[in-house]
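Step one of this worksheet: look at the structure below.
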């Protein structure tokens with residue numbers, strides 16, 4: 001059996017479905033953590049260690065969650081509001097990054113809309129939407145990775161070959177085989193004496 005052949009269509013559909021479910025689970029986890037962060041930071045007394053854990057997990061999930069949203073065509077962005085944050089207006093940042101890395105003053109105006117968007121996106125993934133797109137993205141990344149590895153192998157072996165050839169040539173020249181003037185002078189032909197027969 002050829003283990004490199006393309007998997008059957010049923011297997012691809014199953015993989016797409018599993019990718020959709022995994023995306024929905026990450027969206028749900030991010031939403032729950034964000035809601036917990038809001039509750040912790042709005043409380044007069046909260047567990048700072050737990051808040052640190054929540055923010056750390058939000059930060060690790062943010063890139064994947066943003067990709068899930070973009071796959072569905074709903075990349076959520078928001079300008080940092082200078083009136084709220086006290087900073088100058090800058091390029092738009094994804095809401096997921098504001099939720100993970102911003103302060104309460106940054107996400108306060110967008111918290112409700114982000115929670116609603118995460119719930120909607122998770123439902124869409126569970127209905128089977130977005131799985132094929134994620135599968136195709138994964139395939140493209142794998143093809144690109146294989147191509148990069150093959151190119152690196154070619155470059156490495158090329159460098160090894162050049163290095164080996166250089167050592168070989170230098171060795172021969174050091175021994176005098178190929179060095180200019182390294183070969184012995186040609187021996188003149190011996191002329192026969194007039195009396196020789």
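Go through (1) under 12 Å from residue 100 (Cα atoms); (2) surrounded by fewer than 16 Cβ atoms within 10 Å (Cβ to Cβ) one by one and return the number of the condition residue 30 breaks.
(2)
Can you name the condition, by its number, that residue 88 falls short on among (1) in a loop (DSSP other than H, G, I, E, B); (2) at pLDDT 80 or above?
Failed condition: (2).
Every residue, every condition in (1) modelled with pLDDT under 90; (2) more than 20 Å from the chain's Cα centre (by Cα); (3) closer than 30 Å to residue 21 by Cβ; (4) not in a helix (DSSP H, G or I), yes or no:
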{"site": "49", "(1), (2), (3), (4)": "no, yes, no, no"}
{"site": "52", "(1), (2), (3), (4)": "no, yes, yes, no"}
{"site": "65", "(1), (2), (3), (4)": "no, no, yes, no"}
{"site": "75", "(1), (2), (3), (4)": "yes, no, yes, yes"}
{"site": "84", "(1), (2), (3), (4)": "yes, yes, no, no"}
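Listed residues 100, 108; which is at pLDDT 80 or above, over 30 Å from residue 17 (Cα atoms), in the same structural domain as residue 21 (by TED's automatic domain parsing) and surrounded by 15 or more Cβ atoms within 10 Å (Cβ to Cβ)?
Sole residue among the options that is at pLDDT 80 or above, over 30 Å from residue 17 (Cα atoms), in the same structural domain as residue 21 (by TED's automatic domain parsing) and surrounded by 15 or more Cβ atoms within 10 Å (Cβ to Cβ): 108.
The values are calculated or read from the model by the stated rules, or taken from the named source; none is laboratory data. Worth saying up front: this structure is predicted, and the values here are computed from it rather than measured. Positions of Cβ are generated from backbone atoms using ideal geometry, with glycine treated the same way; all protein chains shown enter the neighbour counts.
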